[in-house]
Amino acid sequence: MLELRLIQGSLLKKVLEAIKDLVTEANFDCSATGFSLQAMDSSHVALVALLLRSEGFDHYRCDRNLSMGINLNNMSKMLRCAGPEDIITIKGDDGTDTVTFMFESQKQDKISDFEMKLMDIDSEHLGIPDAEYQAIVRMPSAEFARICKDLGSIGDTVVISVTKEGVKFFTRGDVGSANIVCRQNTSVDKPEDSTVIEMNEPVSLTFALRYMNSFTKATTLSEVVTISLSSELPVVVEYKIAEMGYIRFYLAPKIED
Amino acid sequence: TPLQLQLYNYFIQS
C-alpha cells in the first residue's frame with residue numbers, strides 16, 4: 001500500500017516538466033526515506049537523480065519498498081490536469097499495474113482520480129559516490145538559465161572555467177564566440193541573488209549545451225542552482241526543492257579527441 | 001570535435 005499526499009502538488013508538476021524531455025521512462029522508487037528516481041538519458045551521457053523526502057509530504061505511507069515503472073510523458077499529461085493549487089495524492093498497491101493520481105482542490109470541492117498504467121522498465125542503477133569537488137558555484141538559477149540559453153544560440157558546447165576571479169562560460173560557433181564571466185557577489189539582503197564560488201583548485205570542463213539547457217527546465221523549482229565541478233567527475237547541477245529534497249543532473253564532459 | 005564521454009567512464013552499475 002502506497003499513499004503519498006503532497007499539499008503543494010505544483011512541485012510534482014514542476015518536477016515532471018523538468019525531467020520528461022531528458023528521460024522518457026523511469027522507475028520511481030518509494031521507500032521509508034522518500035519518493036525517488038534515478039535515470040539516465042538514452043545516450044548515457046546525463047543522469048537525473050530526484051529525491052522527495054518522506055517528511056516533506058503531508059501524509060506518507062509506504063508499507064514496503066515499491067518500484068513503479070512510469071512513462072514520464074504520460075505522467076506529465078496526467079499531472080497537467082491538476083490545477084496549480086491542487087493537492088496531489090499518489091496511490092498504489094503491490095501487485096497492481098496501475099498508479100492513481102488524486103487531485104483535490106484547495107476547497108475540497110473538486111476531487112479527480114487519474115489512473116495510469118505502469119510498465120516494466122529494466123533500469124540500470126549507477127553507484128554515485130560522495131565526492132570532493134574542485135569548485136562549487138552557487139548562483140541564481142534564472143541567471144544560469146539565461147547564460148545557457150544565450151550561449152546555446154551561438155555554439156553547441158560550453159566551457160565552464162572556475163578561477164579565483166570567478167566563473168567563466170565560453171562558447172564558440174560558426175557566427176563567432178561568447179564569453180560570460182560571473183564574479184563572486186554576495187547579497188546580504190537577498191542571499192538567493194548571490195553568486196558564491198568555493199574553489200579548492202581551478203577547473204575547466206567542456207559540456208554539451210543541449211543538456212545544460214534541458215537541466216534549466218528545473219529553474220522553477222529553486223531560485224538557486226549549485227554547479228559542482230571536478231576534472232575527475234561528471235558535473236552536478238543541483239536544484240534544491242524547498243523542504244523536500246533535490247533534483248540533481250549529472251553530465252559527463254566532452255574531451256579533446 | 002570534442003569527444004562526448006559517457007557516465008560509464010565515471011560511475012559503475014550498482
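Computed from the coordinates by the stated procedures, all read-outs in this text should not be read as laboratory data. Treat the numbers as computed from the prediction; the structure is a model and nothing was measured. No Cβ is skipped: glycine too gets one built from the backbone with ideal geometry, and neighbour counts run over all protein chains shown.
Which links in A:Lys164/A:Lys254; A:Lys77/A:Lys117; A:Lys110/A:Lys240; A:Lys77/A:Lys240; A:Lys77/A:Lys217 stretch past 21 Å when you go from one Cα to the other? With Cα atoms farther than 21 Å apart: A:Lys164/A:Lys254; A:Lys110/A:Lys240; A:Lys77/A:Lys240. The angle separating the long axis of helix A:10-19 from the principal Cα axis of greatest extent in chain A is about 50 degrees. Sparsely packed loop sites in the stretch A:1-30 (the trypsin sites (Lys or Arg not before Pro) outside DSSP H, G, I, E and B with at most 12 other Cβ atoms within 10 Å) do not occur.
Placing R0 at 22 angstrom, the Cβ-Cβ distance between A:Ala242 and A:Ser43 gives a FRET efficiency of 0.10 after rounding to 0.05. Other residues with beta-carbon under 11 Å from the beta-carbon of A:Thr89 carry, at +1 per Lys or Arg and -1 per Asp or Glu, a net charge of -2. Could you check which residue among A:Asn73, A:Asn65, A:Asn27 shows the biggest mean-square fluctuation in a GNM of chain A with a 10 Å Cα cutoff? Evaluated over chain A, the most mobile residue of the options is A:Asn65. Remark: relative contact order (the stretch A:1-133) = 29 percent; criterion is Cα-Cα distance under 8 angstrom and separation of 6 or more residues. Helix A:141-152 and the long axis of chain A differ in direction by around 60°, with both axes built from C-alpha atoms. In a Gaussian network model over chain A where Cα atoms closer than 10 Å are linked, find which of A:Asp58, A:Asp94, A:Asp174 has the largest mean-square fluctuation. Among A:Asp58, A:Asp94, A:Asp174, the largest mean-square fluctuation in the Gaussian network model of chain A belongs to A:Asp174. Of the GluC sites (Glu not before Pro) found in the stretch A:123-188, the ones in coil according to DSSP and having at most 11 other Cβ atoms within 10 Å of their Cβ are A:Glu132. The GluC sites (Glu not before Pro) of the stretch A:1-95 meeting both criteria, a DSSP state outside H, G, I, E and B (loop) and at most 16 other C-beta atoms within 10 angstrom of the site's C-beta, are A:Glu85. Shown is the FRET efficiency for A:Ile7 and A:Thr96, computed with R0 = 35 Å from the Cβ-Cβ distance and rounded to the nearest 0.05: 0.85. Once divided by 2.2 N^0.38 Å, the Cα radius of gyration of the stretch A:111-257 becomes 1.16. Placing pseudo-labels 7 Å out from each Cα toward the beta carbon at B:Ile12 and A:His59 gives an inter-label distance of 4.4 nm.
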